[in-house]
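Undergrad: I have a structure here, written as structure tokens, and I will follow up with some questions on it.
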Amino acid sequence: MGDITLSAADWCRASEELRKLLPLSSQPKRLAVCAESSLDLLLLASACLAAGWTFVPISHRWPLPQRLELAKRAGADYCWPEHGFTTDDGLPLLVIEHPLIGLALNGELNTERSSASRIARWLQPGSQFDAHALPAIAAQPALEATVLMTSGSSGMPKAVLHPLSSHLSAAAFCNPILELSAANCWLLSLPMFHAAGYGLFIRCLSSGARLAIAEPKLPLFEQLQQSAASHCSLVATQLQRLLELSTFHADYLPLRHIMLGGGPVADTLLQQASQRGFKLYLGFGMTETAAAIALSPVTADGGIDISNNNRISLGDDGQIGVRGPQLANAYVEGDYRKALVAKDGWFATGDLGRVENGRLFVVGRVDNRFISGGENVQPEMVEQALKQLPEIEQVLVVPIADDEFGQRPVAFVRWYQQLDDSAIQLFLAAHLPKLMWPVRWLDWPSEMDAVKPNRTALKQLAERLVD
């Protein structure tokens with residue numbers, strides 16, 4: 001389905017039709033959805049907006065029992081689809097019958113043309129479209145639009161409740177910087193169960209830009225070719241793999257704008273992509289801020305421009321604080337709510353940073369920092385240095401216990417081409433103090449290939465392997 005794009009008008013029409021499929025209720029409900037199809041997720045997200053329901057997307061990568069646990073944590077009233085949950089434990093299944101919903105379930109997504117024709121039959125050019133649909137959605141800023149899960153990279157995810165106003169505020173902040181308008185198209189390459197994926201949907205809906213729905217089985221470069229996308233979101237690994245292709249160039253693609261996220265990006269990658277004619281953007285954000293709360297084009301100075309951003313602060317301890325209308329309402333645990341914001345209006349993100357000449361540089365997480373020989377070691381600093389090596393595709397550093405130093409760093413690495421110890425040490429000597437050098441190099445575990453790496457799990461694995 002990489003060659004199919006759907007506009008904001010299409011989504012509003014879908015919202016109105018699908019709204020009728022949700023059970024009538026005097027009180028808004030929460031719908032937990034666990035689906036692999038981006039189309040299903042987008043349509044149900046639209047239906048929830050139109051009906052005043054709360055959309056609760058849950059990653060299909062979780063095992064069945066954890067999906068139900070997360071749905072209950074989010075306070076879900078219904079779930080969909082049946083195979084996505086164990087519905088024999090008190091969570092009612094929502095039955096939905098619509099020409100578009102569930103295309104992936106009956107195998108039609110395996111053939112692009114059948115999917116395309118099915119969509120084309122439903123989205124008739126002459127269909128009526130309520131021109132007031134977008135303003136009507138925007139007029140519900142207090143609507144509890146989503147419960148989104150944090151990444152859970154250091155434990156079980158938290159359930160974060162956002163009003164629609166948070167997502168609209170994020171879109172209003174990001175769209176002018178990204179030069180996103182009704183003339184553009186964004187490739188939906190991010191999962192809707194992440195804040196960045198849902199935020200992408202709202203950015204396009206509020207700007208009138210079109211969304212291109214990615215065919216997961218197609219290589220990313222082919223998705224970019226077929227979708228005619230002007231914008232896309234990438235993580236460092238995706239950008240690195242695309243840059244290995246000589247045809248990944250602005251001369252051969254309609255792509256012009258690349259929003260980068262998911263961790264540090266090596267300067268060499270930024271330079272290569274810029275030289276190929278792409279405009280790149282770096283951002284800072286999290287689930288609690290409805291994705292990016294700081295965003296700017298990449299420049300030679302590095303970092304993210306926050307010179308005119310009053311939503312970001314740096315504490316005495318170097319921790320980044322955020323405030324403003326993008327912040328979520330609360331963490332939820334069933335019916336229980338816990339407010340995010342302290343009395344002074346700032347939310348402590350748990351991220352460490354520094355500011356130089358009005359530009360924010362994110363150093364790492366407070367809870368990732370450890371002490372080795374009496375000195376603080378920030379794993380992300382070690383990772384960022386190592387990612388400058390072209391032979392390394394992916395790296396993550398964790399501490400292990402050490403009788404002499406208390407803790408020492410070890411590195412999990414996925415290599416393009418493995419280096420010998422002397423070459424690595426020569427590189428490290430020019431970039432890091434010796435106390436930060438990994439004392440062991442471990443192979444990247446294959447089970448972490450398709451998910452965000454879990455530091456807690458990798459620390460436990462390192463302790464077993466090194467013991």
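The values are calculated or read from the model by the stated rules, or taken from the named source; none is laboratory data. Computed from a predicted structure; not experimentally measured. We place every Cβ from the backbone using ideal geometry, glycine too, and count neighbours over all the protein chains shown.
Undergrad: Name the residues in segment 296-310 that are assigned to a loop (DSSP other than H, G, I, E, B), surrounded by fewer than 19 Cβ atoms within 10 Å (Cβ to Cβ) and touching a strand residue (DSSP E or B) at 6+ places or on another chain (Cβ under 9 Å), would you? Write out each step before concluding.
TA: Pass one, segment 296-310, residues assigned to a loop (DSSP other than H, G, I, E, B): 298-303, 306-310.
Still in the list and also surrounded by fewer than 19 Cβ atoms within 10 Å (Cβ to Cβ): 299-302, 307-308, 310.
THR299, ASP301, GLY302, SER307 - these are the residues of segment 296-310 that are assigned to a loop (DSSP other than H, G, I, E, B), surrounded by fewer than 19 Cβ atoms within 10 Å (Cβ to Cβ) and touching a strand residue (DSSP E or B) at 6+ places or on another chain (Cβ under 9 Å).
Undergrad: If you go through segment 334-389, how many residues are among the polar types (S, T, N, Q) and either more than 16 Å from LYS434 (Cα to Cα) or assigned to a loop (DSSP other than H, G, I, E, B) (or both)? Explain how you work it out, then say what you get.
TA: Taking segment 334-389 and keeping what is among the polar types (S, T, N, Q), we get 349, 357, 368, 372, 376, 378, 384, 388.
If we keep only those that are either more than 16 Å from LYS434 (Cα to Cα) or assigned to a loop (DSSP other than H, G, I, E, B) (or both) as well, we get 349, 357, 368, 378, 388.
The qualifying residues number 5.
Undergrad: Just checking, does segment 409-427 include any residue being assigned to a strand (DSSP E or B), of a type in the set (Val, Ile, Thr) and at pLDDT 90 or above?
TA: Step one: list which residues in segment 409-427 are assigned to a strand (DSSP E or B), which gives 409-415.
With the extra rule that they be of a type in the set (Val, Ile, Thr), the set shrinks to 410, 413.
Next, only the ones that are at pLDDT 90 or above stay: 410, 413.
Looking for residues that are assigned to a strand (DSSP E or B), of a type in the set (Val, Ile, Thr) and at pLDDT 90 or above, one finds at least one in segment 409-427, hence yes.
Undergrad: Please enumerate the residues belonging to segment 18-51 that are assigned to a loop (DSSP other than H, G, I, E, B), small (Gly, Ala, Ser) and at pLDDT 85 or above. Spell out how you get there, then give the answer.
TA: Of all residues in segment 18-51, those assigned to a loop (DSSP other than H, G, I, E, B) come to 20-29, 34-37.
Okay, now just the ones that are also small (Gly, Ala, Ser), so 25-26, 35, 37.
The one that is assigned to a loop (DSSP other than H, G, I, E, B), small (Gly, Ala, Ser) and at pLDDT 85 or above: ALA35.
Let's see how each residue does on (1) touching a residue at least 24 places away in the same chain (Cβ under 8 Å); (2) among the aliphatic types (A, V, I, L, M):
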{"residue": "SER166", "(1), (2)": "yes, no"}
{"residue": "PRO176", "(1), (2)": "no, no"}
{"residue": "ASN184", "(1), (2)": "yes, no"}
{"residue": "LEU200", "(1), (2)": "yes, yes"}
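Undergrad: Report whether or not GLU393 is farther than 28 Å from ALA348 by Cβ and within 22 Å of the chain's Cα centre (by Cα).
TA: Spelling it out, GLU393 is indeed farther than 28 Å from ALA348 by Cβ and within 22 Å of the chain's Cα centre (by Cα).
Undergrad: Here's a follow-up. Output the residues belonging to segment 445-467 that are in contact with a helix residue (DSSP H, G or I) (Cβ under 9 Å, 6 or more places away or on another chain), aliphatic (A, V, I, L, M) and either modelled with pLDDT under 90 or at positive phi (or both).
TA: MET448, ALA457
Undergrad: Something else about it: When segment 41-54 is examined, which residues are found to be in contact with a strand residue (DSSP E or B) (Cβ under 8 Å, 6 or more places away or on another chain) and under 17 Å from ILE213 (Cβ atoms)? Steps first, please.
TA: At the first step, the residues of segment 41-54 found to be in contact with a strand residue (DSSP E or B) (Cβ under 8 Å, 6 or more places away or on another chain) are 41-42, 44-45, 48-49, 53-54.
LEU41, LEU42, LEU44, ALA45 - these are the residues of segment 41-54 that are in contact with a strand residue (DSSP E or B) (Cβ under 8 Å, 6 or more places away or on another chain) and under 17 Å from ILE213 (Cβ atoms).
Undergrad: Inside segment 450-467, can you point out the residues that are in contact (Cβ under 8 Å) with a residue 24 or more places away in the chain and either in contact with a Gly (Cβ under 7 Å, 6 or more places away or on another chain) or not in a helix (DSSP H, G or I) (or both)?
TA: Once the filter is applied, which keeps residues that are in contact (Cβ under 8 Å) with a residue 24 or more places away in the chain and either in contact with a Gly (Cβ under 7 Å, 6 or more places away or on another chain) or not in a helix (DSSP H, G or I) (or both), segment 450-467 yields ALA450, VAL451, LYS452, PRO453, ASN454, THR456.
Undergrad: Restricting to segment 390-400, count the residues that are among the acidic types (Asp, Glu) and outside any strand (DSSP E or B). Quick ask: steps written out before the conclusion?
TA: Start the filter on segment 390-400 by keeping residues that are among the acidic types (Asp, Glu), which leaves 391, 393.
Of the ones still in play, those that are also outside any strand (DSSP E or B) are 391.
Within segment 390-400, residues that are among the acidic types (Asp, Glu) and outside any strand (DSSP E or B) number 1.
Undergrad: Right, here's the next one. Would you mind stating whether LEU143 is more than 30 Å from ARG369 (Cβ to Cβ), surrounded by 16 or more Cβ atoms within 10 Å (Cβ to Cβ) and modelled with pLDDT under 85? Walk me through it before giving the result.
TA: Values: more than 30 Å from ARG369 (Cβ to Cβ): yes; surrounded by 16 or more Cβ atoms within 10 Å (Cβ to Cβ): yes; modelled with pLDDT under 85: no.
Here the answer is no, as LEU143 does not meet what is asked.
Undergrad: Which ones in segment 208-223 are touching a helix residue (DSSP H, G or I) at 6+ places or on another chain (Cβ under 8 Å) and crowded, with 22+ Cβ neighbours inside 10 Å?
TA: Passing the criteria: ALA209, ARG210, LEU211, ALA212, ILE213, ALA214.
Undergrad: Here is a check on your reading of the model: is ILE119 among the β-branched types (Val, Ile, Thr), modelled with pLDDT under 75, out of contact with any strand residue (DSSP E or B) (no Cβ under 7 Å at 6 or more places or on another chain) and more than 24 Å from ALA228 (Cα to Cα)? I'd like the intermediate steps shown before the answer.
TA: On the way: among the β-branched types (Val, Ile, Thr): yes; modelled with pLDDT under 75: yes; out of contact with any strand residue (DSSP E or B) (no Cβ under 7 Å at 6 or more places or on another chain): yes; more than 24 Å from ALA228 (Cα to Cα): no.
Here the answer is no, as ILE119 does not meet what is asked.
Undergrad: Sort out which residues of segment 312-323 are touching a helix residue (DSSP H, G or I) at 6+ places or on another chain (Cβ under 9 Å) and surrounded by fewer than 19 Cβ atoms within 10 Å (Cβ to Cβ), and write them in order of number. Give the derivation first.
TA: Narrowing segment 312-323 to residues touching a helix residue (DSSP H, G or I) at 6+ places or on another chain (Cβ under 9 Å): 317-319, 322.
Passing the criteria: ASP317, GLY318, GLN319.
Undergrad: Additional query: Can we say LEU442 is crowded, with 16+ Cβ neighbours inside 10 Å, within 29 Å of the chain's Cα centre (by Cα) and either at pLDDT 90 or above or not assigned by TED's automatic domain parsing to the domain that holds GLN240 (or both)? Break it down into steps so the answer makes sense when it comes.
TA: Details: crowded, with 16+ Cβ neighbours inside 10 Å: yes; within 29 Å of the chain's Cα centre (by Cα): yes; either at pLDDT 90 or above or not assigned by TED's automatic domain parsing to the domain that holds GLN240 (or both): yes.
So LEU442 fits the description; yes.
Undergrad: Still on this structure, please answer the following. Here is a list: SER246, SER169. Which entry is surrounded by fewer than 19 Cβ atoms within 10 Å (Cβ to Cβ) and farther than 19 Å from LEU41 by Cα?
TA: Numbers: SER169 fails: surrounded by fewer than 19 Cβ atoms within 10 Å (Cβ to Cβ).
Exactly one residue qualifies, and that residue is SER246.
Residue-by-condition table, conditions (1) in contact with a Phe, Trp or Tyr (Cβ under 8 Å, 6 or more places away or on another chain); (2) in contact (Cβ under 8 Å) with a residue 60 or more places away in the chain; (3) not in a helix (DSSP H, G or I):
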| residue | (1), (2), (3) |
| --- | --- |
| LEU190 | no, no, yes |
| ARG203 | yes, no, no |
| GLU222 | no, yes, no |
| CYS232 | yes, no, yes |
| ARG241 | no, no, no |
| THR247 | yes, no, yes |
| ALA250 | yes, no, yes |
| ILE258 | yes, no, yes |
| PRO264 | no, yes, yes |
